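Encoded as structure tokens, the structure appears first; notes follow it.
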Amino acid sequence: MEMRPLGRTGVDVSVCCLGTMTWGEQNTEAEGHAQMDLAVERGVNFFDTAELYPIPPTAETQGRTEEIIGSWFAKSKKRDEVVLATKMVGRSAMNWFRDDRRRPRISGPQIDEAVAKSLRRLKTDRIDLFQLHWPDRRTQAFGFHAYRDYDDDFIAFEDQLEGLARRVEAGDLRFIGVSNETPWGVTQFLKLADERGWPRLASVQNAYSLVNRTFETSLAEIAMREDVGLLAYSPLAQGYLTGKYRGGALPAGSRKQLFQRLNRYEGPGASAAVDACVDLAAALNLDPAHLAIAFAASRPFTTSVIIGATTQEQLATDLAAFDVAWAPDYDEAVEALHTVHRSPCP
């Protein structure tokens, strides 16, 4: 398994990152443990989770995923073999994360509470990469194609970064990152880190796939020049790029069948783009999942690609994608496809 630098931290992480958001909902604790066992066996040293998980978020299940990882650490004794990433929620109406039922905000006190709870659930004394799951302010994210009205109701970047810096200084966190963030947000954090001597962003975790290449026109140059690499989530467009939903298919037990939460990948132009990607994989004699994952991993601004699975078979397929040697003719074919289907699923 290839290793790549995590920003300027001096730590290397596997190009494959094990995503965990189904554990505690679609997957049992034993299944989560089995996935971690297989991933580590295949050379993965990077896990990503969140206080929000499992998905879909509910008050009843919140935190279960971190608990499953914590119980695996306790059983396997492999905590030191893993670079562990988790996330705290941004501004939200979901009021079950904090003890006093406050709505989540990225404030100093809420950072303290989120970190303490994640440490307890994960059964660890430090979090290697602590990320802000989405901004405290309103932004264009999660499927929006056009400009949205903004507002000024957000916790100041200074307060957010100072709160994170205190936890780094205390030893609870090693590094910090952001997720679902914009170029402006990333540059604000970087500027403050340079000015105040506070921790620097190590990564940005955003959606990136064959049907969502918006990162390239917004954040890629920042990622390259500032060493804030992409942790690419949803490289399979929540399963669409495997072809399993093609032609209106609705596999039993799939996330679409269970939760109907895939709207981001079902807008105008999405179906045609997905079909083109699956057809391209066939033309290249590749499994469609391998094409999609290998594409995301081949980008120079990508640090790691986050994969998720509900079965061991799916996980094995995803892991095998990292053995695909990306060829120049793959790039040519993908770029030709992209000229016709321009990121219909942002």
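Data overview
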read-out	value
Listed residues Glu313, Glu29, Glu51, most fluctuating in the chain (Gaussian network, C-alpha, under 10 Å)	Glu313
Cα pair distances in the chain, grouped into 20 Å bins until the bin that holds the longest one, percent each	31, 61, 7
Bridge type composition, the chain - antiparallel percent by DSSP, nearest 5	10
Principal-axis tilt of helix 108-122 within the chain, Cα atoms, nearest 10 degrees	60
Ascending count of other beta-carbon atoms within 10 Å, so fewest first, for Arg138, Arg148, Arg8	Arg148, Arg8, Arg138
Other-chain or far-sequence residues with amide H under 5 Å of Cys17's (modelled H)	Val305, Ile306, Ile307
Cβ-derived FRET efficiency at R0 25 Å, Thr217 paired with Ala333, nearest 0.05	0.80
With Cα atoms, 0 to 90° folded angle of helix 270-283 axis to the chain main axis	60
Nonlocal Lys pairs with alpha-carbon distance under 30 Å, the chain (8 or more apart, or different chains)	16
Long-range HN-HN contacts of Gln131 with modeled amide H, under 5 Å	Thr86, Lys87, Met88, Gly177
Förster-model FRET efficiency, 30 Å R0, Leu190 and Asp112, C-beta, rounded to 0.05	0.80
In sequence order, calculated HN-Hα J values of region 81-91 (Karplus, 6.51, -1.76, 1.60; Hz; x Gly/Pro)	8, 10, 8, 9, 10, 9, 9, 9, 6, x, 4
Burial ordering of His338, His290, His133, fewest other beta-carbon atoms within 10 Å first	His338, His290, His133
Net lengthening on full extension, Arg103/Lys78 (0.36 nm per residue, minus Cα-Cα)	5.5 nm
Amide H partners (placed H, <5 Å) of Gly229, local residues excluded	Gly7, Val204
Packing-based ranking, highest mean first, of 165-173, 329-337 given that Cβ atoms within 10 Å are counted	165-173, 329-337
From the C-alpha gyration tensor of region 235-346, square roots of 5λ in Å	21, 18, 13
3J(HN,Hα) from dihedral phi, region 178-183, Karplus parametrisation 6.51/-1.76/1.60, rounded to Hz, x for glycine, proline	10, 8, 6, 9, 9, x
Phi to ³J(HN,Hα) by Karplus 6.51 cos²θ - 1.76 cosθ + 1.60 over region 298-314, Hz, x for Gly, Pro	7, 6, x, 8, 8, 8, 8, 10, 8, 10, x, 8, 10, 10, 5, 5, 4
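Only the coordinates and a few stated rules stand behind these numbers; no lab work does. Quantities reported herein were computed from a predicted structural model and do not represent experimental measurements. Counting neighbours? That spans all protein chains shown, and the Cβs are built from the backbone with ideal geometry, glycine included.
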